[in-house]
Amino acid sequence: MLKTKVVLSFPPSSVEEPITYHLIKDFGIMVNILRASISPGKKGRMVVELSGEESIRSQALNYLESKGVEIDELAAEIRYLENRCASCTACVPVCPTGALDVDRNNWKVSFFEDKCVVCLSCVDACPYRAVEIGPE
Ligand code: SF4
Ligand code: SF4
């Protein structure tokens, strides 16, 4: 039995296709969507846990690749180091999911791990190294 967490990156052409449905119906893969950032006409990204028979893993991965979906093992998570964060807000516009967001009442930036799709955009954007890549 295969059970693995992966990051799926969808090209705009595949964002509106029922790809997870086909993984379940055609390959018997169970798809547990942990986090997702999907907008019609734009690139999408999902962190998912896949469970299914090892023997059909390569078929399912081939299917995803045929749809232009990039597959990366979830080897890392984002760590937010609050003590280094200056709430400069540089990360907020580059975060596609609102996982890094600013409270406009006090201009304090916070990290919401459950929204993070590990796109890594914030890592380069942060001048204070308050977001790091850590092990999953
Ligand atoms: S990696 Fe950073 S920019 Fe990407 S979703 Fe997570 S918090 Fe937002
Ligand atoms: S860019 Fe870095 S220092 Fe600035 S708000 Fe985001 S995490 Fe905090």
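For the structure I just gave you, tell me whether Ile38 is at pLDDT below 90 and more than 9 Å from ligand 1 (Cβ to nearest atom). It is true that Ile38 is at pLDDT below 90 and more than 9 Å from ligand 1 (Cβ to nearest atom). Among the conditions (1) hydrophobic (A, V, I, L, M, F, W, C); (2) surrounded by fewer than 16 Cβ atoms within 10 Å (Cβ to Cβ); (3) in a helix (DSSP H, G or I), the only one that Ala60 does not satisfy is (2). Among the residues of the range 4-26, those that are surrounded by fewer than 17 Cβ atoms within 10 Å (Cβ to Cβ) and more than 19 Å from Val117 (Cα to Cα) comprise Ser13, Glu17, Pro18, Tyr21, His22, Ile24, Lys25, Asp26. Can you pull out every residue in the range 78-96 that is among the β-branched types (Val, Ile, Thr) and crowded, with 17+ Cβ neighbours inside 10 Å? Of everything in the range 78-96, just one residue is among the β-branched types (Val, Ile, Thr) and crowded, with 17+ Cβ neighbours inside 10 Å, namely Ile78. Within the range 35-50, restricting attention to residues that are exposed (fewer than 14 other Cβ atoms within 10 Å of the Cβ) and not charged (D, E, K, R), which residue is nearest to Lys5 (Cα to Cα)? Restricting to residues being exposed (fewer than 14 other Cβ atoms within 10 Å of the Cβ) and not charged (D, E, K, R), the top hit is Ser39.
When the range 99-136 is limited to residues that are within 10 Å of ligand 2 (Cβ to nearest atom) and among the aromatic types (Phe, Trp, Tyr), the one that is surrounded by the fewest Cβ atoms within 10 Å (Cβ to Cβ) turns out to be Trp107.
The values are calculated or read from the model by the stated rules, or taken from the named source; none is laboratory data. Everything numeric here is computed off the predicted structure, so don't read it as measured data. Every residue, glycine as well, gets a Cβ built from its backbone with ideal geometry; the counts of neighbours run over all protein chains shown.
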